[in-house]
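Chemist: One structure, as structure tokens, below. Some questions next.
The values are calculated or read from the model by the stated rules, or taken from the named source; none is laboratory data. Here the structure is a predicted model, which means the values were calculated and not measured. Positions of Cβ are generated from backbone atoms using ideal geometry, with glycine treated the same way; all protein chains shown enter the neighbour counts.
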């Protein structure tokens, strides 16, 4: 099941659909990128695990009526390599990040989005440690931290608190933001 944020902001993603793809950063099983691909949006699936990317590719190939393989690209990359500068400036119409936090990438992500493009970001906050994994503070946002990173962008949506996960199985402490890059 894809994130509800994507359904809420699908029109924004479609309206800004340029020749540039959406980056599904640290895509994992690709649930969010596959949703965008199903809606005929070009997606670059990026993850450190080649097996995850192979499984997404297989899902796309197994259902050509649902997914256009020509709109999908795959990028195996370790975003946590020391001094990694993986993005070209203004290279994506949007970047979406779910359940992943590597603070040194934030400025890179912001630069990678074209003017008027979107960032859709959701990950765990420090309150998650009381509810379950992850517990390592390196992977948990402090109160207000995500909003601060995008304070110079137009904030379309912001939430910080506890909610039921997209799979409906448990409570999670998260921060969410949908932000538009200024022109």
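Chemist: Looking at residue 108 and the list (1) in contact with a strand residue (DSSP E or B) (Cβ under 8 Å, 6 or more places away or on another chain); (2) crowded, with 17+ Cβ neighbours inside 10 Å; (3) over 22 Å from residue 4 (Cα atoms), which single condition is not satisfied?
Modeler: Failing condition for residue 108: (1).
Chemist: Could you list, ordered by first residue, the pairs with Cβ atoms under 8 Å in which the first is in segment 115-134 and surrounded by fewer than 20 Cβ atoms within 10 Å (Cβ to Cβ) and the second is part of a helix (DSSP H, G or I), at least 6 apart or interchain?
Modeler: Here the result reads 126/137; 129/137; 134/128, each pair linking segment 115-134 to a residue that is part of a helix (DSSP H, G or I).
Chemist: Of all the residues that make up segment 70-87, how many are in contact with a helix residue (DSSP H, G or I) (Cβ under 7 Å, 6 or more places away or on another chain) and either under 30 Å from residue 126 (Cβ atoms) or exposed (fewer than 12 other Cβ atoms within 10 Å of the Cβ) (or both)?
Modeler: 4
Chemist: If you don't mind, another one. Can you tell which of 172, 176 is closer than 23 Å to residue 109 by Cα and in contact with a strand residue (DSSP E or B) (Cβ under 8 Å, 6 or more places away or on another chain)?
Modeler: Only one candidate passes the filter, namely 176.
Chemist: Mind checking which pairs have a first residue in segment 20-42 that is at negative phi and a second that is buried (at least 24 other Cβ atoms within 10 Å of the Cβ) and part of a loop (DSSP other than H, G, I, E, B), Cβ under 8 Å, 6 or more apart or different chains?
Modeler: 24/30; 33/27
Chemist: Just checking, how many residues over segment 1-19 are within 24 Å of residue 183 (Cβ to Cβ), touching a residue at least 60 places away in the same chain (Cβ under 8 Å) and in a loop (DSSP other than H, G, I, E, B)?
Modeler: Residues meeting the conditions: 4.
Chemist: Of all residues in segment 166-178, count the ones that are loosely packed, with under 13 Cβ neighbours inside 10 Å and modelled with pLDDT of 95 or more.
Modeler: 0
Chemist: While we're here: Taking residue 65 as meeting all but one of (1) in a helix (DSSP H, G or I); (2) surrounded by fewer than 14 Cβ atoms within 10 Å (Cβ to Cβ), write down the number of the exception.
Modeler: Residue 65 satisfies every listed condition except (1).
Chemist: From 148, 160, which residue is out of contact with any helix residue (DSSP H, G or I) (no Cβ under 6 Å at 6 or more places or on another chain) and in a helix (DSSP H, G or I)?
Modeler: The match here is 148.
Chemist: Which of the following residues is over 26 Å from residue 48 (Cα atoms), surrounded by fewer than 21 Cβ atoms within 10 Å (Cβ to Cβ) and in contact with a strand residue (DSSP E or B) (Cβ under 7 Å, 6 or more places away or on another chain): 181, 163?
Modeler: 163
Chemist: Residues 87, 35, 79, 45: which one is closer than 25 Å to residue 178 by Cβ, under 16 Å from the mean Cα position of the chain (by Cα) and in a strand (DSSP E or B)?
Modeler: 45
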